[in-house]
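The values are calculated or read from the model by the stated rules, or taken from the named source; none is laboratory data. The structure displayed is predicted, hence computed values, not measured ones. Cβ: placed from backbone, ideal geometry, glycine included. Neighbour counts: every protein chain shown. Calculation scope for accessible area: heavy atoms of the full protein, side chains included, ligands and nucleic acids excluded. Shrake-Rupley method; radii C 1.70, N 1.55, O 1.52, S 1.80 Å.
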Amino acid sequence: MAVPKSDILYHRIKASDLASYYWCAEQSYWRLRGVERKEKPFDVAGRRVHADLVTVPKEDYEIEFFRKLKQFMPIYRQCGRVKVFCGFDAVDLSEIPKNNYVRLLEFKTTSMEKVPDFYIPQAKFQLEIYYWAYKPIIAQMGYVFPEEHFLEFRSSADGSLMERIGVKMDELEIGRRIMDCLACLGTGSDFSKPEPFKCEWCEPEFKQKCRLRQEL
């Protein structure tokens with residue numbers, strides 16, 4: 001079942017669009033109001049690598065997990081009036097046979113030679129949102145959801161692993177941050193100015209809407 005497009009006016013938000021707050025709050029504000037950029041070649045390359053990394057369930061325990069998960073799709077958790085939606089392929093089931101653990105494993109791709117520090121906050125926040133949304137569901141399904149989950153940055157050229165980052169989760173703190181972000185994004189106020197290089201990289205669809213541009 002597809003994840004619905006973000007539309008804050010209808011109280012639905014994709015985790016990836018909410019996480020973009022940590023890249024540029026102004027861009028996230030417009031993403032949540034239906035603004036989309038045109039697809040670029042690196043988007044296609046990233047999807048190709050991601051498709052290669054996400055395997056089709058084959059083992060009995062994998063098939064059973066997704067059978068149970070299906071009843072909760074589309075995956076979301078409510079924060080106030082807003083439903084925060086997540087995808088359903090960022091899961092690592094390899095520890096189920098050993099200890100009944102289910103972990104999240106979120107893949108990100110880059111064409112750069114090394115992972116820039118400024119890529120990490122947004123990716124980490126997306127993983128944290130996933131944890132926050134999945135936690136009550138995994139418990140209802142009867143699995144163990146540990147505190148540590150992982151980000152993997154992969155080369156968009158060949159899918160090779162560049163960096164693996166373990167993220168320790170705090171459900172209450174993540175929920176508080178989500179609520180704070182939604183409050184700011186709902187009013188469109190209290191945004192920090194993005195770094196100039198981000199504005200240079202910004203897509204025209206967002207530049208023409210940007211309310212901070214003349215202040216930079």
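Remarks
- 3 or more residues in contact with a Phe, Trp or Tyr (Cβ under 6 Å, 6 or more places away or on another chain): qualifying helices (runs of 4 or more DSSP H) within segment 59-144: 120-141
- The condition of being assigned to a strand (DSSP E or B) and over 14 Å from T109 (Cα atoms) holds for G166.
- In this structure, E173 does not qualify as free of Cβ contacts under 8 Å to residues at least 40 places away in the same chain and closer than 13 Å to V102 by Cβ.
- Pairs meeting the criteria (first residue in segment 177-193 and surrounded by 13 or more Cβ atoms within 10 Å (Cβ to Cβ), second residue β-branched (V, I, T), beta carbons under 8 Å, at least 6 apart or on different chains) are I178/V84; I178/I129; L182/I13; L182/V82; L185/I8; G186/I8.
- Scanning segment 197-214 for residues that are hydrophobic (A, V, I, L, M, F, W, C), at pLDDT 90 or above and surrounded by 14 or more Cβ atoms within 10 Å (Cβ to Cβ) gives C199, C202, F206, C210.
- Condition met for I174 (in a helix (DSSP H, G or I), hydrophobic (A, V, I, L, M, F, W, C) and crowded, with 16+ Cβ neighbours inside 10 Å): yes
- With respect to being open to solvent by 20 Å² or more (accessible area, probe 1.4 Å) and either at pLDDT 90 or above or of a type in the set (V, I, T) (or both), Q126 falls outside the description.
- Selection from segment 145-163 of residues that are hydroxyl-bearing (S, T, Y) and either outside any loop (DSSP other than H, G, I, E, B) or open to solvent by less than 40 Å² (accessible area, probe 1.4 Å) (or both): S155, S156
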